[in-house]
Amino acid sequence: MATLKERIDAELKDAMRSKDEAVTSTLRMLKSAIKYKEVEPGGKPLDDAAIVAVIGTSIKQRRDSVEQFRAAQRTDLADKEEKEIEILQRYLPRQLSAEEMRAEVAKAISESGAKSAKDMGQVMKVLMPRVQGRAEGKSVSEEVKAQL
């Protein structure tokens with residue numbers, strides 16, 4: 001099976017051949033972000049888990065941009081960012097459903113022995129490695145707060 005990086009390269013080539021401008025520009029941006037991460041001090045070639053983290057960061061940045069563009073009534077730019085989010089999400093593992101998320105949070109709470117909202121850090125420490133790339137940090141923390 002090909003690595004995530006190889007899959008991105010292959011799909012970028014396909015998008016360029018088919019002249020799909022949205023996919024081409026999004027994947028070029030993603031490759032640039034991955035390369036940047038690899039060449040920063042102490043950087044090394046990224047494995048699939050690290051690439052998923054880069055993709056997650058890129059999606060989060062785009063969600064923030066969409067919010068700001070909508071507030072400024074720039075729907076054209078917001079739509080472009082949302083299209084990029086859709087393209088990037090293809091490279092993430094299957095996302096957790098709400099029920100799966102609730103079950104993972106409940107399990108992490110019982111494992112960490114958390115009793116109140118003060119113990120949220122302990123729960124997140126147990127939970128995040130399990131759901132990394134399959135759920136957004138913001139929704140995870142909201143679910144933890146709700147259950148604590």
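See the values below:
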read-out	value
Checklist (1) under 16 Å from residue 133 (Cβ atoms); (2) open to solvent by less than 40 Å² (accessible area, probe 1.4 Å); (3) under 15 Å from the mean Cα position of the chain (by Cα) applied to residue 60, failing item	(2)
Number of the exception - residue 128 against (1) part of a helix (DSSP H, G or I); (2) within 22 Å of residue 26 (Cα to Cα)	(2)
Filter result (open to solvent by 40 Å² or more (accessible area, probe 1.4 Å) and of a type in the set (Gly, Ala, Ser)) within the stretch 114-125	116, 117, 121
Positions within the stretch 131-142 being open to solvent by 40 Å² or more (accessible area, probe 1.4 Å) and part of a helix (DSSP H, G or I), in sequence order	138, 139, 142
One residue from 67, 82 being out of contact with any Ser or Thr (no Cβ under 6 Å at 6 or more places or on another chain) and surrounded by 13 or more Cβ atoms within 10 Å (Cβ to Cβ)	82
Among the candidates 10, 15, residue that is of a type outside the set (Val, Ile, Thr), over 17 Å from residue 133 (Cα atoms), open to solvent by less than 90 Å² (accessible area, probe 1.4 Å) and free of Cβ contacts under 8 Å to residues at least 12 places away in the same chain	10
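The values are calculated or read from the model by the stated rules, or taken from the named source; none is laboratory data. Just so you know, these numbers come straight off a predicted model, no measurement behind them. A quick note on method: Cβ atoms are made from the backbone with ideal geometry, for glycine too, and the neighbour counts reach across all protein chains shown. Ligands, DNA and RNA are excluded from the accessible area calculation, which covers all protein heavy atoms including side chains. Shrake-Rupley method; radii C 1.70, N 1.55, O 1.52, S 1.80 Å.
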